[in-house]
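Below is one structure; the comments refer to it alone.
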Amino acid sequence: MPQFNVDEDLAALVERLAEPKPFEHLSFNNALRRVLTRFGQIAAAKPELDFDEFLAESMALMKTRKEPKKLPSPSAKEWASSVSALKGKPGLSNWKAICDFLNIETGGDSARRRLRNWVKESHPSWPPVPEISGD
């Protein structure tokens with residue numbers, strides 16, 4: 001069976017065009033199959049579409065589009081050490097652990113957001129829980 005060398009930018013393009021779901025791990029072959037299947041469906045609807053033009057436009061678009069950067073979560077450990085009631089308690093290294101320690105139900109929501117709201121209501125004298133943009 002023949003093997004082909006694939007440039008990194010083309011592999012990245014195939015990966016992006018395959019639109020994998022979060023945590024879905026596609027092999028290059030499966031991603032390429034998905035892209036070609038979709039292109040075949042589009043081409044059937046638009047017979048004037050040229051595959052080379054489609055790839056060139058997609059690669060140009062990919063180079064101009066940047067992935068949004070996810071802001072890092074503020075340090076839960078640092079915040080817990082600034083609260084006298086939590087200072088020195090073992091295992092409070094993330095927001096969920098702090099919520100569990102304080103018996104705060106998080107459900108499907110962000111533990112940091114739930115803790116922030118709980119602190120505002122129940123312990124306003126405590127330092128505020130850090131916020132990040134978009135909260």
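The values are calculated or read from the model by the stated rules, or taken from the named source; none is laboratory data. Only a predicted model underlies this, so the values are computations on that prediction, with no experimental measurement involved. Reconstructed Cβ throughout: ideal geometry from the backbone, glycine too, with neighbour counts over all protein chains shown. Side chains are part of the model used for accessible areas, which takes the heavy atoms of the whole protein and leaves out ligands, DNA and RNA. Shrake-Rupley method; radii C 1.70, N 1.55, O 1.52, S 1.80 Å.
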Count, please, the residues in segment 31-84 that happen to be modelled with pLDDT of 80 or more and either of a type in the set (Gly, Ala, Ser) or not in a loop (DSSP other than H, G, I, E, B) (or both). 16
Taking first residues from segment 80-107 that are loosely packed, with under 14 Cβ neighbours inside 10 Å and second residues anywhere that are part of a loop (DSSP other than H, G, I, E, B), the pairs with Cβ under 7 Å that are 6 or more apart or on different chains are Ser82/Pro127
Which condition number in (1) open to solvent by less than 50 Å² (accessible area, probe 1.4 Å); (2) within 16 Å of Ala56 (Cβ to Cβ) is the one that Leu10 fails? (1)
